[in-house]
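The values are calculated or read from the model by the stated rules, or taken from the named source; none is laboratory data. Note that the structure is predicted; figures quoted are calculated from it, not measured. With ideal geometry, Cβ positions are generated from the backbone for all residues, glycine too; neighbour counts draw on all protein chains shown.
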Amino acid sequence: MFENFNILIAGIGGQGIITLTRVLAMSGLLQGYDVKTSELHGLSQRGGSVETHIRFGKKIYSPLIKQDSADLIISLEIKEGLSAAFYSDKSRTSFLINDFSQTTPASKLKSSNQETINTLQKTAKKVIILPATKIAIQEVKNPTLAGMLLLSYASFAKLIPIKPKIMLQAITNAIPSSYLPINQKVFNFAKSLHGIY
């Protein structure tokens, strides 16, 4: 078992980031890791910037990720990814970014989306852009499931040390039964995206 694995989720209030954090934490526990999480910034403000930290491994003492120490940054909005670059390391960090823009404090940065991506590519080992919101609308007519699509894709693409079957079990445990079928559909669809993006 590795010492620690650090995941940061960045996005906007109302995108389901707390649910994603809960699923990731449960995944880590089911996989046998020690898990710590922390929720930061404007969680009560719909449309405001949101950031959560999830750390798991052999023994985790602090829930917060240090500068340059993220292994994976999942950003549900392009420019929010740029806000999270503080935690990125060129030799360590992978970015998984939703190709989606919305007016937020981070979006007031004057760089274009392509300039943002170019900047992130200079600060990370890998940057993957996935049109998760567009796919979620097409497949299940629900843009808030973009985050679940990204999280499921990360498992299938081995961006996180969580087996897909464990991720699916965590989704089953963490999601209310009335919303479970649509989340399972998104999880299964994510498998088909691996190798395309």
| Unique match (being within 27 Å of Asp99 (Cβ to Cβ), at pLDDT 95 or above and not in a helix (DSSP H, G or I)) among Ser27, Ser69 | Ser69
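If you go through region 169-192 one residue at a time, how many are surrounded by fewer than 18 Cβ atoms within 10 Å (Cβ to Cβ) and part of a helix (DSSP H, G or I)?
14
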| When only residues in region 1-24 that are assigned to a strand (DSSP E or B) and over 19 Å from Arg92 (Cβ atoms) count, which is modelled with the highest pLDDT? | Gly11
| message | Which count do you get for residues in region 1-27 that are over 13 Å from the mean Cα position of the chain (by Cα) and hydrophobic (A, V, I, L, M, F, W, C)? | response | 4
| query | Does any residue of region 73-90 turn out to be surrounded by fewer than 17 Cβ atoms within 10 Å (Cβ to Cβ) and outside any helix (DSSP H, G or I)? | reply | yes
| said: With among the hydroxyl-bearing types (Ser, Thr, Tyr) and closer than 30 Å to Gly32 by Cα as the only criterion, which of Ser112, Ser101, Ser177 stands out? | reply: Ser177
